[in-house]
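*Asks:* Right, I'll just put the structure down here and ask away after.
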Amino acid sequence: MLKLKNVRQCFMPDSLQEAVDILRDSQGKAAIVGGGLDITVFPRPYIEKLIFLDKLHLNYIKEKNSEIRVGATVTITDMERSLLIKNYLRGRVKEILGEVASQLLRNQITIGGSIARGHPYSDIIPLVYALRGRIVLSDGKDDEELLIDDFYRENFRELLKNKIVTEIRLKKYDDSYRFGMKRFVRNATDIPLLNVALLIKVEKNIIKDASISLGSRPGIAYRFIKGEEFLKGKKITKELAEDFQEFTEENVDVGGDARLSKTYRKHLAGVYSKNILLNLMEV
Amino acid sequence: MKVHYTINGEKKIFEIKPGEVLLDVLRRNGYSEVKGNCYMGTCGACTVLIDGVPHTSCTILAAKVDNKSITTIKGVGTLQHPHPLQKAFVEKGAVQCGFCTPGAILSAYALLKENPNPTDEEIKKALDGNVCRCTGYVQQVEAVKFSIKLLKEEK
């Protein structure tokens, strides 16, 4: 079954400059291939050229300047198994990565590809949002670093006509930070109908800082800033979790689609936010 | 365009279309043991090992695998010399229609190479992309555990 009927050429560039040059010269008719899952499952008929990143040495996970730096072609499996991720935020990030899709697809999906494609149901995007990740883009010569919020706030598809996502940077958090994420899926390997990620900083039972994101809403993931403000400065208790459910249901920006009504998605967002907070109380 | 693969230890050169997926290239060239079904990476019937790592060949571009090593179920064992995993799948009733079996065994094979004593949870996780609609999964997990015993006996 030839899905990519119009593809005429494949490129394996040896440098970022070469890759960006091909991308730019193709005027929208070239696709960057990380793992290649997206392009084969959702073929775009106008694509005539494929640019593979395999020779660009972007398959690394390293620590630098108190950050974990993840190369764009690192797969979910690579990241899940990395020693740097093993104890990151008490191992919760590793756990979540191991729940995404199936083992076979985790072996193929790349972190850079997930960010660059910007699919609404991605589990990686809300994860990186909640962790306040930074996206590194290259135009072949210079790097540009954007907070994930800014990357999606700007027209990221326009940005990626001339640039390539090369790295994702995650801040290292001290022990006062706690992280949790929940995905609503019909079965273990399905794409989520909602995902909620929450990072909080707790000192003497008071929430000093919070970062919340929701994805599969059904639009692209976003940061629930009102929810963050609601939590900040409050004592973490069961009562707060109950109040947070109510607040989330009233204020969260989620919609409906054929798979889930808006009312139900709002309710789920509230319940999941509460449950994550309750789990984080016990950390 | 031409691609160079090492399939089950043999070097091969194939002519491919730039937009083709690996599954189609393998089946066209006689590797019919690699099953095709969903073309979306959701069923796992088309699983092969690429440099030892399980992948759905229906979602991997053939060009991306250039110069890599591919293992199909025939690279694991044959009718005459089945691998302990294959023996265990038969022994424990983990095979019914057989369509998913090559993929499931390849996923289990990759797991055991990396982790010779997996827990039940690790086995389930390794096989979570290989969907079976006949036998179910209890027998498959039992078969993988039984194969560990057979592998130890072989040594």
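*Asks:* Tell me, which helices (runs of 4 or more DSSP H) wholly within segment A:84-153 include 1 or more residues that are over 11 Å from the mean Cα position of the chain (by Cα)?
*Replies:* Here the list reads A:92-97, A:103-106, A:148-153.
*Asks:* Residues to consider are A:Leu37, A:Leu53, A:Leu58; find the one that is touching a helix residue (DSSP H, G or I) at 6+ places or on another chain (Cβ under 9 Å), under 17 Å from B:Ile60 (Cα atoms), buried (at least 22 other Cβ atoms within 10 Å of the Cβ) and more than 8 Å from chain B (Cβ to nearest Cβ).
*Replies:* Among A:Leu37, A:Leu53, A:Leu58, only A:Leu53 is touching a helix residue (DSSP H, G or I) at 6+ places or on another chain (Cβ under 9 Å), under 17 Å from B:Ile60 (Cα atoms), buried (at least 22 other Cβ atoms within 10 Å of the Cβ) and more than 8 Å from chain B (Cβ to nearest Cβ).
*Asks:* Taking the options B:Ile50, B:Ile16, name whichever one is within 20 Å of A:Val33 (Cβ to Cβ) and touching a Lys or Arg at 6+ places or on another chain (Cβ under 7 Å).
*Replies:* Of the residues listed, the single one that is within 20 Å of A:Val33 (Cβ to Cβ) and touching a Lys or Arg at 6+ places or on another chain (Cβ under 7 Å) is B:Ile50.
*Asks:* For segment B:113-135, what are the residues that are closer than 15 Å to B:Lys35 by Cβ and either at pLDDT 95 or above or within 14 Å of the chain's Cα centre (by Cα) (or both)?
*Replies:* B:Gly129, B:Asn130, B:Val131, B:Cys132
*Asks:* While we're here: What's the total number of residues in segment B:100-155 that are among the acidic types (Asp, Glu) and within 12 Å of chain A (Cβ to nearest Cβ)?
*Replies:* 4
*Asks:* Can you run down the residue pairs with Cβ atoms below 9 Å, 6 or more apart or on separate chains, where the first is in segment A:1-23 and more than 8 Å from every other protein chain (Cβ to nearest Cβ) and more than 21 Å from A:Lys161 (Cβ to Cβ) and the partner is modelled with pLDDT of 95 or more and surrounded by 15 or more Cβ atoms within 10 Å (Cβ to Cβ)?
*Replies:* Hits for this filter: A:Asp14/A:Leu56.
*Asks:* Quick one: count up the residues across segment B:37-68 that are within 13 Å of the chain's Cα centre (by Cα), more than 8 Å from every other protein chain (Cβ to nearest Cβ) and not aliphatic (A, V, I, L, M).
*Replies:* So the answer is 5.
*Asks:* Kindly indicate whether any position in segment B:114-122 is buried (at least 24 other Cβ atoms within 10 Å of the Cβ) and not assigned by TED's automatic domain parsing to the domain that holds B:Val53.
*Replies:* Within segment B:114-122, none of the residues are buried (at least 24 other Cβ atoms within 10 Å of the Cβ) and not assigned by TED's automatic domain parsing to the domain that holds B:Val53.
*Asks:* Looking at A:Pro45 and the list (1) in contact with a strand residue (DSSP E or B) (Cβ under 9 Å, 6 or more places away or on another chain); (2) without any contact (Cβ under 8 Å) to a residue 60 or more places away in the chain, which single condition is not satisfied?
*Replies:* (1)
*Asks:* Here is a follow-up. Pick from segment B:1-36 the residues that are more than 9 Å from chain A (Cβ to nearest Cβ) and acidic (Asp, Glu): which of them is surrounded by the most Cβ atoms within 10 Å (Cβ to Cβ)?
*Replies:* Only one residue fits best here, namely B:Glu33.
*Asks:* Which ones in segment A:45-62 are more than 11 Å from A:Phe11 (Cβ to Cβ) and either of a type outside the set (Ser, Thr, Tyr) or assigned to a strand (DSSP E or B) (or both)?
*Replies:* Selection gives A:Pro45, A:Ile47, A:Glu48, A:Leu56, A:His57, A:Leu58, A:Asn59, A:Ile61, A:Lys62.
*Asks:* Would you mind listing the strands (runs of 3 or more DSSP E) fully within segment A:167-283 where at least 1 residues are among the polar types (S, T, N, Q)?
*Replies:* So the answer is A:194-203, A:206-215.
*Asks:* Can I ask one more? Do we have B:Thr101 as closer than 25 Å to B:Lys11 by Cα, buried (at least 22 other Cβ atoms within 10 Å of the Cβ) and among the polar types (S, T, N, Q) here?
*Replies:* Spelling it out, it is not the case that B:Thr101 is closer than 25 Å to B:Lys11 by Cα, buried (at least 22 other Cβ atoms within 10 Å of the Cβ) and among the polar types (S, T, N, Q).
*Asks:* Something else now. Taking A:Ile32, is it in a helix (DSSP H, G or I), outside the structural domain of A:Asp149 (by TED's automatic domain parsing) and touching a strand residue (DSSP E or B) at 6+ places or on another chain (Cβ under 8 Å)?
*Replies:* Judged against the criteria, A:Ile32 is not a match.
*Asks:* Within segment A:86-107, which residues are within 11 Å of chain B (Cβ to nearest Cβ) and without any contact (Cβ under 8 Å) to a residue 12 or more places away in the chain?
*Replies:* A:Leu104, the sole residue that qualifies.
*Asks:* To continue, here is another question. Could you give me the residue pairs with C-beta distances under 9 Å whose first residue belongs to segment B:28-41 and is part of a loop (DSSP other than H, G, I, E, B), whose second residue is acidic (Asp, Glu) wherever it lies, and which are 6+ apart or on separate chains?
*Replies:* That search, which allows pairs on different chains as well, returns B:Gly36/B:Asp24.
*Asks:* Inspect all residues belonging to segment B:51-62 and state whether any of them is assigned to a helix (DSSP H, G or I) and modelled with pLDDT of 95 or more.
*Replies:* yes
The values are calculated or read from the model by the stated rules, or taken from the named source; none is laboratory data. Quick caveat: nothing in here was measured; it's all calculated off a predicted structure. Neighbour counts are summed over all protein chains in view; Cβ atoms, including those assigned to glycine, are modelled from backbone coordinates with ideal geometry.
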